[in-house]
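S.K.: Okay, here's the structure, questions in a sec.
Coordinate-derived values only; no laboratory data. All values reported here derive from a predicted model rather than from experimental measurement. So basically every Cβ, Gly included, is an ideal-geometry build from the backbone, and we count neighbours across all protein chains shown.
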Amino acid sequence: MLYRDTRDSSIQVSFREAVMRGMNPATGGLYFPVSIPKLPAPFMGKNPPPSFRDTAFAAARPFLEGEMPDGDLMAIIAAAYPFSAPVKPVDPVTYVLELFHGPTCAFKDFGARFMARVMRFFNQDEDRPLHILVATSGDTGSAVGSAFYGVEGIDVTILYPAGKISPLQEKQLSTFDGNVRSLSVEGTFDDCQKLVKTAFTDADLRKRFRLSSANSINIARLLPQAFYYIYGALAVMGRSKRDNHIECPQLLAVVPSGNFGNLTSGLIAREMGAPIAGFVAATNANRTVPDWLETGEYKPRPSVLTLSNAMDVGAPSNFERMRAMYSLEEARKILAGFWVSDSETLEAIRSCYDSTGYILDPHGAVGWKAWQEIRSGAMDGVLAGESLPPGKTGLRCTAETAPDWADACVKGNCLAMILETAHPAKFSPIVQRAGCREPVMPDRLEHVLSLPDRSVPMSADYGAFRDWLEANL
Ligand SMILES: *Cc1c(COP(=O)(O)O)cnc(C)c1O
């Protein structure tokens, strides 16, 4: 498989090059597969549905063809995924895809752990160390730090916005030692991302150091996220008939989104043949993509702080990949945009808890809110021609821009798979403020609370960051 540059499709590179470079410094473009392979029908039709690891292997193989022997790929998948992505039914038409069973309790473990092992594989015959720079709005850094911790020949520098992530998230980022360091940056997530992007386009710096990225811009983080969509969709479709007696249901993946890496992975899974009719792109007040779907105009903007802080992104980097896959019209057929305020996020945590007993984290709650509105008539209103009040939260489409699955929704033929992207115990104060009982803290989170803070304060100025890199890489 070759990977093309999103800014110049005549530039095509191998998987190895796409992974090791992260992005193309010459154009600023991201890498994307030149074509999306289809999963074989016998695989998709298996009954009972395939295991998570079998799904991961079948899905990954065509993307790495010719660049990694099957045995190595299988070993990487086995080592990366000692955990799975269980599907929890919470009512007859709603399934929660739990993506928090990895070591850092957030979905980014799926991408980071695969990427770390793929990079180690490709880095085996290099003599200079590889330096990974990663900007994080919360969970990326800990997932990447944890995934690379102790990996020989590779070190990781994590940049996070000081004071803008939860105390527990900060503990998870700042307590690494050895080959993983963290910088607490005086600024926003966008500032962190800008420092990293500037370093990558700094030709002089790149001459001296081998740099790579680990944000969702790296294709090796994006592809493995398709595994759980395929796995989850097959698992839901395999059991839905017994749960709800709907003939030929249409499955919607409801995706709480920030940088849109997760959603882009879902689009890849759908192109591969996963039985997903469409997606709800659910965001907080950082509604750049819902606005784009609504108006056709893409206006990146500064990020706004919200309760679902891992989604506080005003200029989502994977938008470029979504555009490389689809035109606006094509995207509107598949995706519906929805955005949610902080008070609605709290209400959603509470309403899910009251009606099902399930405790959501604030990110998953954004997805729950979107699905609650859609299943209880928001799409009916859209198809009946209701107009959109400007600047209001909720479903942002009209009869003209409604997705292809809108009709099925109105007829009651839709199911939702809500992606629960983090464990609620990571956001315990918010969850309790919403009126839930205190979520039980998993051991692996409890442990980091007792470790000392080792992060280094850093200004958002590129010069200062560069000096630090020169002195410390
Ligand atoms: C990163 C993150 C998101 C957003 O995912 P994107 O791929 O950036 O859209 C949502 N929820 C949690 C908990 C996250 O850590």
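S.K.: Past the 29 angstrom mark, what percentage of all C-alpha to C-alpha distances in the chain do you count?
M.R.: It works out to 45 percent of all Cα pairs.
S.K.: What list of ³J(HN,Hα) couplings, whole Hz, do you get for the stretch 104-117 from phi and the Karplus terms 6.51, -1.76, 1.60, once you set θ to phi - 60° and write x for glycine and proline?
M.R.: 9, 6, 9, 5, 5, 4, 4, x, 5, 5, 5, 4, 4, 6
S.K.: Which chymotrypsin sites (Phe, Trp or Tyr not before Pro) in the stretch 278-310 sit in a loop by DSSP (not H, G, I, E or B) and have at most 12 other Cβ atoms within 10 Å of their own Cβ?
M.R.: Answer in residue order: no site qualifies.
S.K.: Within the stretch 341-405, report the trypsin sites (Lys or Arg not before Pro) that DSSP leaves as loop and that have at most 12 other Cβ atoms within 10 Å.
M.R.: The qualifying sites are Lys392.
S.K.: Checking the table Lys46/Lys108; Lys171/Lys197; Lys333/Lys392; Lys38/Lys426 against a 30 Å threshold on Cα-Cα, which pairs fail?
M.R.: Pairs exceeding 30 Å: Lys38/Lys426.
S.K.: Right, another one. Spelling out what I want: for every residue of the stretch 248-262, take phi, set θ = phi - 60°, compute 6.51 cos²θ - 1.76 cosθ + 1.60 (Karplus), and round to whole Hz; glycine and proline get x.
M.R.: So the Karplus estimates, Gly and Pro as x, are 6, x, 9, 8, 9, 9, 9, 10, x, 10, x, 8, 6, x, 4 Hz.
S.K.: On to the next question. Using modelled amide H (1.01 Å from N, peptide plane; none on Pro or chain starts), what sits under 5 Å from the amide H of Leu130, excluding residues fewer than 5 places away?
M.R.: Result for Leu130 returns Ile154, Asp155.
S.K.: Amide H of Thr393: which non-local residues (sequence gap of 5 or more, or other chain) have their own amide H closer than 5 Å, using H built in the peptide plane?
M.R.: Under 5 Å from the amide H of Thr393: no residue qualifies.
S.K.: How high is the relative contact order of the chain, given as a whole-number percent (alpha carbon pairs under 8 Å, six or more residues apart)?
M.R.: 18
S.K.: Right, here's the next one. With both partners inside the chain, how many of the DSSP beta bridges are antiparallel, as a percent to the nearest 5?
M.R.: That works out to approximately 25 percent antiparallel.
S.K.: Go ahead and estimate [θ] at 222 nm for the chain from helices alone: -39,500 (n - 2.57) per DSSP H run with n ≥ 4, summed, over the residue count, rounded to 500.
M.R.: Calculated mean residue ellipticity at 222 nm is -12500 deg cm²/dmol.
S.K.: Sort the following peptides by mean Cβ neighbour count (other Cβ atoms within 10 Å, averaged over residues), highest first: 94-105, 322-333, 252-263.
M.R.: Top of the packing list down: 252-263, 94-105, 322-333.
S.K.: By how many nm would the segment from Asn47 to Asp354 lengthen if fully extended, with 0.36 nm per residue of separation less the alpha-carbon distance?
M.R.: Gain in length upon complete extension: 107.1 nm.
S.K.: Which trypsin sites (Lys or Arg not before Pro) does the stretch 35-93 hold that lie in a coil by DSSP with at most 16 other beta carbons within 10 Å?
M.R.: Answer by residue number: Lys38, Lys46.
S.K.: With θ taken as phi - 60° and the coefficients 6.51, -1.76 and 1.60, list the Karplus ³J(HN,Hα) couplings across the stretch 13-21 in order, rounded to whole Hz; mark glycine and proline as x.
M.R.: Per-residue couplings from phi come out as 10, 6, 4, 4, 5, 4, 5, 6, 8 Hz.
S.K.: Right, here's the next one. What are the residues whose amide H is under 5 Å from the amide H of Val90, where those residues sit 5 or more places off or on another chain and H is modelled from the backbone?
M.R.: Answer set, sorted by chain and number: Tyr95, Val96.
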